[in-house]
1. Calculate, for GLU116 and LYS139, the FRET efficiency according to 1/(1 + (r/R0)^6) with r their C-beta to C-beta distance and R0 51 Å; round to the nearest 0.05.
2. Hey, any idea what % of region 71-212's accessible area is carbon plus sulfur with a 1.4 Å probe?
3. Quick query: amide H of TYR184 versus all other amide H atoms, modeled in the peptide plane; which residues come in under 5 Å with a sequence gap of 5 or more or a different chain?
4. Summing +1 for each Lys or Arg and -1 for each Asp or Glu, what net charge is found among the other residues whose Cβ lies under 9 Å from the Cβ of MET83?
5. Helix-only estimate, please: 222 nm mean residue ellipticity of the chain, summing -39500 (n - 2.57) across DSSP H runs of length 4 or more and dividing by its residues, to the nearest 500.
6. Where the only charges are on Cβ atoms (+1 Lys, Arg; -1 Asp, Glu), what is the dipole of the chain about its Cα centre, to the nearest 20 debye?
7. Report, largest value first, the span of the C-alpha coordinates of region 151-265 along each principal axis, in whole Å.
8. Just need the relative contact order of region 142-276 here, percent rounded to a whole number, with Cα pairs under 8 Å and 6+ apart.
Amino acid sequence: MKAKRFLSFLLILLCTFCLAGCRDISVGKRASATDNWTRLKKRGYVTVGVDDTFIPMGFRQKNGQLVGYDVDLANAVFKLYGMKVSFQTIDWSMNTTELRNGTIDLIWNGFSKTPEREAKVSFSKTYLYASENLVSLKKNKINSPAAMKDKSLGAQNGSSGYNDIMKYPQIFKNRIKDHEPILYDSFTNAFIDLNAGRIQGLLIDSTYADYYISRQKHPENYTEVSGIFKRDAFGVGIRKSDVTLRKKINQGLEKLAQNGTLAKINHKWFGNKADTPLLKNKKATR
């Protein structure tokens, strides 16, 4: 009898899991095949997937609060429609899968446009450009990669900057001291060494660079060399079926560019250094 009851329990449990799995697949298929704007508007909020360690786009403060450039921007866009934003931390390597499955409604967290991603999702208009910039102190008189000859170059371990150093050795690797960059786990430590003269240059994503420089005691003492590598275009990742949601986000971004909100958010996080095409085209969109 006990064995029969145990087998019955296992059968019920297996059926439950199967039904739950089928329900999740059904939800994902329905979300990926539907223009969800009416449902989301009625619900009153959208769920945005984020990597909550991505300074300054979206990260946790010591008290656990999620803050960042993209957090402010997403909140401002959906405030125009009387909606809230629920930010959900996800495994970033699974971002498009989470979107397709309906776990999240949007990917909005320094999401670079690439051909591979564009095959899977739709993108909003580009709201920010980012590039790998060479940051130095003005007194070092470094105005190009060539000026780094026999000098120490810093980069973050595993970053796009480090990958570019290794991928295009003729630009930095073959020139710098010991033909190897100095690697850091955080840009905070890299700026400490840059200020102390232990390195003379730092290859850093422009969003990080603008954020960290704007928070230095004397931001006017720094120089940035851009245009070294191809820049990244940041956009909001949206399911291909969500045509109306994409339209609403684009309209919202344009509205924020026109009413001054976008400029305020840019200045809050990047000082006057944000590379924002929506502001450059503001006159044309009015």
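1. Numbers: r = 42 Å, r/R0 = 0.82.
Computed FRET efficiency for GLU116 and LYS139 comes out at 0.75.
2. 46 percent
3. Sorted by chain and number, the residues that satisfy this are ALA155, GLN156, ASN157.
4. +4
5. One gets -12500 deg cm²/dmol as the mean residue ellipticity at 222 nm.
6. Computed about the Cα centre, the dipole is about 1060 debye.
7. 54, 34, 23
8. Values: 123 pairs, mean separation 33.4, N = 135.
Reported relative contact order: 25 percent.
The values are calculated or read from the model by the stated rules, or taken from the named source; none is laboratory data. Because the structure is a prediction, the values reported are computed rather than measured. With ideal geometry, Cβ positions are generated from the backbone for all residues, glycine too; neighbour counts draw on all protein chains shown. Areas reflect the complete protein model, heavy atoms only, side chains present, ligands, DNA and RNA absent. Shrake-Rupley method; radii C 1.70, N 1.55, O 1.52, S 1.80 Å.
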